[in-house]
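Report on the structure given below.
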Amino acid sequence: MQGNRRGQTTPVTFKFAESDPPTKRSVPLTNKEIKALISLLDDPEVAPQIQEKIQTLGETIIPFLEESWEESLDPQQQQRLEDLIHHLQFEGLQQRLRVWRDSGGENLLEGMWLMNSYQYPDADFQVLNRAIEQLRFEAWTLLQPEMHPADQVQTLNHVLFRTHKFAANTQNFHSPANSMLHRVLETRRGNPLTLCVIYLLVAQRLKMPVYGVNLPNLFVLTYRPEGPLEPFYINCYNRGLVLSRTDIEHYIGQLNLTPNEIFFEPCTHIDIVRRALRNLQLSFEKLQEPAKAAEVGTLLAILMNEEGGANESSEPNEE
């Protein structure tokens with residue numbers, strides 16, 4: 001990695017075929033050897049084989065590729081290096097997404113951060129965490145013990161939609177930035193799902209029984225109080241407007257859809273990130289960036305347990 005002393009061994013290894021002798025399967029490379037390997041990308045005769053070798057080394061080699069990019073004056077070589085870096089980052093992202101999925105997807109912030117890192121590989125999880133924690137603290141200072149659920153929601157609405165002025169990005173609805181959590185936190189503009197995710201993350205930290213709900217064309221939240229109080233719904237795309245079940249039924253009727261319990265009941269965090277990926281895929285399709293749309297489709301297939309197959313789904317989407 002960058003910052004190691006010259007000649008120091010970096011924990012990067014070649015992967016050899018099963019037929020190779022066991023003693024050759026894990027060969028640590030020094031920084032000098034890694035740089036020499038990368039320099040061979042300039043040779044057209046061996047570049048394809050070298051590229052294959054580099055791809056087996058994983059994300060640990062990225063700092064060396066970035067250093068070579070900075071030192072190169074050849075646009076074609078820079079493009080090759082950019083493609084290699086992206087390939088390695090994308091492979092790493094897929095693996096992290098599988099781990100998150102297999103762990104049950106309990107940490108919603110982590111799942112949204114992983115999706116965020118597709119466009120912004122250097123996005124810092126702790127920066128996102130601190131931003132959500134700051135919003136939680138501000139709301140916590142205004143909440144009172146035994147406060148009625150409706151008043152809790154109005155308090156959180158005040159912090160998010162009045163103090164911090166989070167709002168719908170109606171002018172550029174299909175921008176990929178609307179699906180990137182750190183961009184929404186910076187600009188205060190997002191789509192229905194990302195606004196709901198921020199609200200949900202803050203509410204969860206305040207121990208409020210708030211959950212996501214997969215409505216067609218619109219993502220909302222539901223508050224599920226204990227006791228005799230009826231559940232209600234929160235439309236973050238309309239500044240936290242409170243809705244009843246009857247309102248949701250009327251909305252479903254306007255769309256000429258048959259009522260389904262999925263439109264009223266809480267969904268999982270994995271469901272939320274799936275929907276966020278569909279939104280991002282749609283954004284790239286509308287921007288006519290099919291390669292990015294296809295890669296996001298690959299990420300979506302991981303959460304749909306359909307790797308290597310189609311990722312079409314009948315679940316609700318923003319559009």
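The values are calculated or read from the model by the stated rules, or taken from the named source; none is laboratory data. Nothing here was measured: the structure is a model prediction, and the numbers come from that model. Here Cβ is always computed from backbone atoms with ideal geometry, including for glycine, and neighbour counts include all displayed protein chains. Quick note on the areas: whole protein, heavy atoms, side chains included, nothing else; ligands and nucleic acids left out. Shrake-Rupley method; radii C 1.70, N 1.55, O 1.52, S 1.80 Å.
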> Here are Glu66, Glu33: which of them is open to solvent by 60 Å² or more (accessible area, probe 1.4 Å), outside any loop (DSSP other than H, G, I, E, B) and modelled with pLDDT of 75 or more?
Replying inline: Glu66
> Which of the strands (runs of 3 or more DSSP E) contained wholly in region 201-291 include at least 1 residues that are of a type in the set (Gly, Ala, Ser) and at pLDDT 95 or above?
Replying inline: 210-215
> If you take the residues of region 86-104 that are modelled with pLDDT under 95 and open to solvent by less than 20 Å² (accessible area, probe 1.4 Å), which of them is farthest from Cys196 (Cα to Cα)?
Replying inline: Leu88
>> With the requirement that a residue be open to solvent by 60 Å² or more (accessible area, probe 1.4 Å) and within 14 Å of the chain's Cα centre (by Cα), what does region 178-204 give you?
In response: Arg183
>> Looking for something in a loop (DSSP other than H, G, I, E, B), touching a residue at least 40 places away in the same chain (Cβ under 8 Å) and hydrophobic (A, V, I, L, M, F, W, C) - is there at least one such residue anywhere in region 182-198?
In response: no
> Can you name the residue in region 219-230 that is touching a helix residue (DSSP H, G or I) at 6+ places or on another chain (Cβ under 8 Å) and touching a residue at least 24 places away in the same chain (Cβ under 8 Å) and, of all such residues, is surrounded by the fewest Cβ atoms within 10 Å (Cβ to Cβ)?
Replying inline: Leu229
> Among the residues of region 205-218, which ones are under 20 Å from Phe264 (Cα atoms), in contact (Cβ under 8 Å) with a residue 24 or more places away in the chain and either hydrophobic (A, V, I, L, M, F, W, C) or open to solvent by 10 Å² or more (accessible area, probe 1.4 Å) (or both)?
Replying inline: Met208, Val210, Tyr211, Val213, Leu215, Pro216, Asn217, Leu218
